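Everything below concerns the one structure shown next.
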Amino acid sequence: MKNHKMKLSRKIIRKIIIESLSEDRHDPNKLNLHDAKIGDIPIKIQICDEIEDRKKGLMFRHSMPKNEGMLFIHDAPIEASYYMKNTYIPLTIAFADEEGVIFQMEDMSPEDLTSKVSIQPALYALEMNQGWFDRNGIVIGDNIDFKERLCKDLINMNSDI
């Protein structure tokens, strides 16, 4: 029971922190973009941390600015699986562990229903325009750094008390 309460508390705290990072989180007419970086490369990300957001992802979009992407945050590390149903932009997906370290990258073609599955449990998956990682010299072992990660560390420290 204690473990269930801790998981629920972490999720609630994470949700509050993410909501506070975006003034327009509930406005469907505005994208909720957050600052992040990989190595020294700054990017803007839309965070998908709810199951319904993760299901929709980048569906029905016809373009995405060159330094923007979508970061999927799972409730716990999982064998993550993604495909491109109703997605019209060629993408590259980077799977990352609990520390945000990228361990796998896969190109994904528009409307391809073939799943790309993580080779190990992933807490994060970052979708960027296809080729973005290569053009920017991002490789396996690089870290996805974003503000929510700092909050996650604080939550983990408090759970040890």
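Report yes if PRO110 is within 18 Å of ILE144 (Cα to Cα) and open to solvent by 30 Å² or more (accessible area, probe 1.4 Å), otherwise no.
Details: within 18 Å of ILE144 (Cα to Cα): no; open to solvent by 30 Å² or more (accessible area, probe 1.4 Å): yes.
The answer is no for PRO110.
If you scan segment 98-142, which residues turn out to be part of a strand (DSSP E or B) and of a type in the set (D, E, K, R)? Lay out the reasoning, then the answer.
Step one: of segment 98-142, the residues part of a strand (DSSP E or B) are 101-108, 116-117, 122-129.
Those that are part of a strand (DSSP E or B) and of a type in the set (D, E, K, R): GLU106, ASP107, LYS116, GLU127.
Among the numbered conditions (1) at pLDDT below 90; (2) in a strand (DSSP E or B), tell me where MET59 comes up short.
Unmet condition: (2).
State whether the residues of segment 81-93 include one that is open to solvent by 40 Å² or more (accessible area, probe 1.4 Å), basic (Lys, Arg) and over 14 Å from the mean Cα position of the chain (by Cα). Don't jump to the end; show me each part of the working.
Restricting attention to segment 81-93, the residues satisfying the condition of being open to solvent by 40 Å² or more (accessible area, probe 1.4 Å) are 81, 83, 85-86, 88, 90.
Then keep just the ones that are basic (Lys, Arg); that gives 85.
Then drop every residue that is not over 14 Å from the mean Cα position of the chain (by Cα), which leaves 85.
Yes.
Does at least one position in segment 112-122 carry a residue that is under 20 Å from ILE43 (Cβ atoms), in contact (Cβ under 8 Å) with a residue 24 or more places away in the chain and polar (S, T, N, Q)?
Within segment 112-122, not a single residue is under 20 Å from ILE43 (Cβ atoms), in contact (Cβ under 8 Å) with a residue 24 or more places away in the chain and polar (S, T, N, Q).
The values are calculated or read from the model by the stated rules, or taken from the named source; none is laboratory data. The shown structure was predicted, so the numbers you read here are calculated from the model rather than taken from an experiment. Every residue, glycine as well, gets a Cβ built from its backbone with ideal geometry; the counts of neighbours run over all protein chains shown. The area values use the complete protein model at the heavy-atom level, side chains included, leaving out ligands, DNA and RNA. Shrake-Rupley method; radii C 1.70, N 1.55, O 1.52, S 1.80 Å.
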